[in-house]
Each structure stands twice: as C-alpha cells, then as structure tokens.
1. From largest accessible area down, sort TRP172, TRP509; use a 1.4 Å probe on the protein chains.
2. Could you state the principal axis extents of the C-alpha atoms in the range 291-394, from the largest down, to the nearest angstrom?
3. With all protein chains present, how much of the accessible area of the range 60-163 (probe radius 1.4 Å) comes from carbon and sulfur, to the nearest whole percent?
4. Work out the charge dipole of the chain with +1 on the Cβ of Lys and Arg and -1 on the Cβ of Asp and Glu about the Cα centre, then indicate which of LEU503, THR348, GLY455 is farthest towards its positive end.
5. Treating cross-link reach as a plain straight distance, find the aspartates and glutamates whose alpha-carbon is under 12 Å from the alpha-carbon of LYS8, omitting any fewer than eight places away in the same chain.
6. What figure in square angstrom, to the nearest 10, would you give for the accessible area of TRP372 with a 1.4 Å probe?
7. Where in the range 121-203 are there trypsin sites (Lys or Arg not before Pro) that are in a DSSP coil and have at most 11 other Cβ atoms within 10 angstrom of their Cβ?
8. With helices defined as uninterrupted DSSP H runs, which ones in the chain have an alpha carbon span along their own long axis of at least 27 Å and mean Kyte-Doolittle hydropathy of at least 1.6?
Amino acid sequence: MDVPSPRKKPEELRSHRFFGVDDLRAFGHRSRLKQSGLNTSEFAGKPVIAILNTWSDLIPCHAHFRQRADEVKRGVWQAGGVPVEVPVLGMSETFMKPSAMTYRNFLAMETEEVLRSYPIDGAVLLGGCDKTMPALIMGATMVDIPVIFLPGGPMGRSSWQGEAVASGSDVWRFWAERKAGNLSCEAWGSFEDHITAGPGHCMTMGTASTMTAMIDVLGLSLPGASSIPALHAAHARMAARCGLRIVDLVWEDIRPSRFLTARSFDNAILADMALGGSTNAIVHLLAMAGRAGVPLTLDRFDEISRRTRVLADIKPSGRFVMADFYDAGGLPGLLSRISHLLHLDCPTVAGMSLGESLEGAQVWNEEVIRPWDNPVFGEGGTAILRGNLAPDGAVIKPSAAEAHLLVHRGPAVVFRDLQDIKARIDDPALGLTPDHIIVMQNGGPIGAPGMPESGQLPLPKYLLEQGVRDMVRISDARMSGTSYGACVLHVAPEAAAGGPLALVRDGDWIELDVPGRRLHWDVSEVEAAKRRAEWKAPEPRFSRGYGKLFAEEVTQSNLGCDFRFLHNDGSRTPDPEIH
Ligand code: FES
C-alpha cells in the first residue's frame, strides 16, 4: 500500500495536546502511557487510533471481535500509529429489553463522548449486530474525526434436515408450522440447535446485512467489506487493512463529513432498495442523515424505490443467504448492476471513488444477484404509505409480502399493545378470517417503549391450521429485517403520541393500496373527533433515568427516532473542544 506523504504535522494531531507539549498535564499523560508499557519512541508524534469495540459475551454476533481488534492493531502499528482498544456498549438485538433500539441513541452518545474526551486522532468502529452500526456512525459523525467502520460480517451457512436455514426468516416460518401443529417438540429443539452458525451477524438480508451495506455504500468502510462472512480469512485481512488505512486518513485529515452527503445517502437508499433491505434501514438512515445535517425525508425513499428493482435474491425477499451473496460477487457485484443509477463520484475511505471501487466488479451467479431485466421484485424493496391512518407516513416491505394482500380492504381487529395481542390472538371467539386486518397500538418509540421489532404480528393458531400464512397487519412498531408478511409498520404519529392509530376500533374498515401508496381508515371525521375527545395518553413507562430521557426526547419514526437535542439541523455551531 502506498504511504501518502503526511499532510498534517505531528503537532497538529489532536493527541499532541495530550502528549506533545511541555506542561504538567502532558507529563501526566505521557507517564500514564508508559504505565501501559509503551516507550516514548512508540507513541511520540504518532496518531492515536481508537478501536471502538462493541464486543460482549452477550453479543454472539460479535464473538470474533477480540481477534479482529488485534488484527486492526497489527495494521495500525505497521502504519506508524498507536492503537488503543476502547470497549463501548455492546447492544445485542436478541437479548436487550425492551429493545436494542431503546439504546441505539445511548451508544451514539457514548461514542461521541468517548471520541471527544480522549486523546484520539482517528478510530476504527467495530459493529455488526443491528443497532450498534447506526449508533457508532451517529456518534462519530458529531465529532467528525477520521473513522473507518469495520463491519462484523454475516454468519456462515447453516442447514437443518438437509435444508438451508437462515436466521430470523426461517425461525418465523417454522414457528408458524409449530403453531399450526406441524412440528413436534423434538423437531423444534433440533431446529434450535441448527439455526445459528457461529460468530457473525444474521445471515439474511436483515437489519445487520442491510446496515453494513449502507455504511459501505456511504463510503465509510473499505469497499465491499460488508459482504465478507465473519469467519472468512478475508475478513481478518480486511481488519488489518482498516488499521493500515485509518492512519493514512488521520494524516490526510479525511473525516466523515466528506462522505455523508445528500448524494451518498441517495446511493445508500438505492442499494437498500436493490438489496430488498430491512425496513429498519429507513429509521437508521434518517437518524444518520439527521446527525450529518443532510436533509432526508420518507418521500425520498419512495421516490428512489420506484425507480429501482430488488436484484438480490436473499431471504426474506428471496431464497439465498449472505454467504451465497458474497460468493456471487457481493455488494460490488450488486452495485455494478445499478451503477447507472448511482453517483459514482462519491468518495470512499479507501481513497478511491465509488465508481473506481467498482471497476472489475462482477456477478458470478445470476440466480443470487439477478440481472436488471429479471428482478426479484419490479420496484425497490420498501414502500412508503400515507393516508388518514398515517399522516406522517408508514412503511411496508412489499417484496416480502403475499402479493394478493398488497391491495386489500378489511375490517380491523384491534389490540391495545403487544401483551394484549399475545393474550388474545388465539381466542377463537374473535372469529378472525384471512380478510381481517390485525391492528396493534402502542408499539412505537414512546408507547412500547423503544419501538421493538414486534410488528410482524402473530396470526391466530386456528388460521395457521387452515394454511393461512399471511394477513394484513398494521402497527407503529418495527419488525426484524429478517421478517416477512404484509406488515404495515412505523405508523406515524404513533398511538401513544395521539396518532390516529390510537383511535381505531374493532370493526372499522381499513384500505391498504400499496401501488397507490395509500393507507385509509374508513371513519367519518365526526366519529374520529368524538373518539379523540375520549382518548387518554398512556401512562409513561419510566419515571427516572435513561428511560425517562428517552420517552421525553425521542422523535417519531419518520424523523429517525433520534433525540431532539442531538439532531443536527445545521443551525447549531459545533460545541468547542475543551482541554
Ligand atoms: Fe445480531 Fe441478528 S441478532 S445481527
């Protein structure tokens, strides 16, 4: 690798103020580095590179991160930097309650404050399990020092009873079979033994695979890094390259603000739509753009969705898993198929443009990465709906729904929250038919709280037994990127904030028209006003601490669920560094 001539002088490094001056505080700083066993020659005048590591025993998706941190360190030392590993909050999508989403902004704040307060010149960010990624980028964006994102990489393949199985998507599929009485207890236990395949994030096109790809397209990862399976040797080599490259970025003073622009966000949304990406990407990209001061609205997602196509045949929209995607050419292969739509001049942390990074990109398997004229779905993977039930928008993933439900009118059956639907959904007295529309309230950012992935609402057991596998479902919650079904999500404003969803009652007729992008609640204005007058906001779930802060400051899903005081609308000058 070429070593660029330094453009910064050592005395211009942030860390110089901590280590390079002749005063008592710098003496203290230097003496404490020596306490760590470093000689003066090993750190003097060299960039300090933080490796922000979201490793934790409670995040199996990041089980390889200690080794990857060592590989990053190897690269940093070789390039003449000083690596320092810094643990930050590990957020497990599976284990954190009420939802890892509740803590995304927490990690974003921690990332910002760690990078700002310590003697750090640049950073490699290690993330993979869903919310860790937007959080790390949101925090780093506000400090705006050079960073590279190291994506955790997907799990390898797994199979059960001779059939390839994939995280999330096949769990929901086989759970429906179990509820329908088609899967024994023993078979279910055996499936549990086989559904995961070691370290790495979910191997479907869930939120993790989607967000690693988004950050890659935004230019903040080494190009193509996001598709490399977690335990592939190429992943370890990529980690070392991140360490090498970040030192160059510090000397060249190349910061996230160079990459996060309206054009790069358009590229990311295009890729999201062509991948059939997770609906969660919308919330996270809105929040990330909000930190970067880039104006972005739900409407932009829909505009872009209408002019692209789903080309990645990956679960839950398709048939394959991420290891197949990597073998087929990975993200560079997919981007080469939509290059006519991309802003190819956008930069990447590798020092080349996006277009240059795609030179030589190929597709090796056209079943996994389809040609433009043979798509998985004829539009992008996500559609934005509007109407009197969702004045500020709602989201659906039509590529992962049964096509006959995309235009549907039916009577509502309403559940007040997740506990209510769990308690009553299987009650035959409800008399649900496949034409009913299942509505759940209070699953949003404030109401749940934390907008958990409960939006793939359960179907009643008696309909599953009849072979029904999809129905129209509506909520203000999110759903896992690995989920599927005709699930209308992210209804805004949410019920707990007094949105119209709070006023829907059993028997109300609702119309879903995905091609027309319409979600209509068939109720008179007089009746709606009467119900609004009777509505009472639910009691707050938290009376203290972070939960209280979250409920008071979180924005609605159409604005990215960031905290109001952290959103960057460009009107505030950055806070000064205090030394
Ligand atoms: Fe970690 Fe899916 S549970 S990425």
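The values are calculated or read from the model by the stated rules, or taken from the named source; none is laboratory data. Everything numeric in this text was worked out from a predicted model, so none of it was measured. With ideal geometry, Cβ positions are generated from the backbone for all residues, glycine too; neighbour counts draw on all protein chains shown. The area values use the complete protein model at the heavy-atom level, side chains included, leaving out ligands, DNA and RNA. Shrake-Rupley method; radii C 1.70, N 1.55, O 1.52, S 1.80 Å.
1. Working: TRP172 85, TRP509 110 Å².
So, going from the largest accessible area down, we get TRP509, TRP172.
2. Principal-axis extents of the range 291-394 (Cα, largest first): 47, 34, 23 Å.
3. On the way: 1760 of 3270 Å².
C and S atoms contribute 54 percent here.
4. THR348
5. ASP121, ASP248, GLU252, ASP253
6. In the full protein context, TRP372 sits at about 70 Å².
7. Numbers: sites: LYS131, ARG157, ARG173, ARG178, LYS179; in loops: LYS131, ARG157.
Nothing satisfies the criteria.
8. On the way: long enough: 233-252 (29 Å, 0.44).
Helix filter hits for the chain: none.
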